[in-house]
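Any read-out appearing in this document is the output of simple, stated calculations on the displayed coordinates, not a laboratory observation. Here the structure is a predicted model, which is why all the values come from computation and not from measurement. Reconstructed Cβ throughout: ideal geometry from the backbone, glycine too, with neighbour counts over all protein chains shown.
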Amino acid sequence: MMLDNRIERDIDACYEAVFDPARWTDTLHGLARSLNAACMMFYPSNPDARANDPRNPARDFTEMPSSRDYGDLLSEYIKNRWYLGHYRAERGMPLLRAGRTVVTEHDLATDDERRRLRHYNELYMAFGLPGFAMVGLKVHGELWAVPMLRAKGQGHFTTEDSRILARIAPHFRRMISLSETLALAQGRTALATLEALSCAAFLLDCVGNVLSHNSIAERVLGDGLYLSGRRLRAANHASELELRKLVHQAITHRRPSNLDASHAVAIRRDPKRPLLVEALPTAGIIGDVFQSTSAIVIVKNFEDRPRTTSDQLRGAFSLTPAETRIAVLLATGAGPGTIAESLHLSKETVRAHMKMIFAKTGTHRQGELVALTANMAGTLPMT
């Protein structure tokens, strides 16, 4: 069975939205229209069946990609808690978990039953969107759904419609998987950047599991912090309780601006000085519309002597090897004469290098360079 050219075109547009997330609203609107639907969205299932809210409380599905005409209904859905006792989720999700690729309204209720269902009449009919279909797919073992609605004039989804939706289900799976892969790559880039600034850092998923960490983080493990399964833990009991609260707030607050300015905890490790730990939501830091990443945990080890390494200086300011050697000595307070004697150079050569160093670092004298390198060594980023 061949797909309509419009459907193929709009699927291609959705793949492009993976790389340009601002386009999701429009591309999903176009695909919904190609499928003779009014609106559609990506819906993450809740892995915790004990939660009163059948959505994952660590993720807000209103921030998931959805077409433009879904907005008003989603606002009502959340505001008046229509997700509780919802027959479409309670009857449809088990079918998807059992292996069905597509479920439609006719799989979930009879015509006679729908006349009595509150969700159908007071929510969907009130918005003029009675038709329903849901495509199920698993990405990395997690169940996702792509629900879509039809307006009154479009009727219900048919058996033929289900066949078409089953054909395009693998595309939805690949879109989510590709987006998560890109987000994880961005997260690892952030970890590498923090490593260059001498900071230990851990990347967490939406339930607090460690997805990745940098080599400096590896060094603090076993020294106040450790991994239990995939969870970051503190050896000290009181610090462990504080760390759990810190991580919980980071993965449940979607934006760094929602956190208190003093959002950090000290991890005790007598007789050593404590570790300072901060946790920030990745939203706004990593472009991850499917929220596969959730937080970055940053650890400052005060037992480490703050210093600016030659690699940091060379990488940050594009210094030559000779300029780097001189800049490191300048940062210690050594004068041109001492540097010339130490490196077996003439004072004129040292001063010529100093001129280039000041130009590249945006400083004008040795005191400013010393202050700059001290800030590089001692500042905790992203606070």
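Worth pointing out:
- Taking Cβ atoms as reference points and 13 Å as the exclusive limit, the residues near PRO94 contribute a net charge of +2, counting Lys and Arg as +1 and Asp and Glu as -1.
- The chain: DSSP helices with Cα axial extent of at least 27 Å and average Kyte-Doolittle hydropathy no lower than -1.0: 159-196
- Counted charge near ALA22, where neighbours are those whose Cβ lies closer than 15 Å (Asp, Glu -1; Lys, Arg +1): -3
- Within the stretch 185-260, percent of DSSP bridges classed antiparallel, to nearest 5: 90 percent
- Around ALA109: net Lys/Arg minus Asp/Glu count, Cβ-Cβ under 15 Å: -1
- Cα centroid separation, the stretch 59-111 to the stretch 324-378 (Å): 63 Å
- (1) 17; (2) 40; (3) 24, with the label sought being that of the calculated percent of Cα pairs over 37 Å apart: (2)
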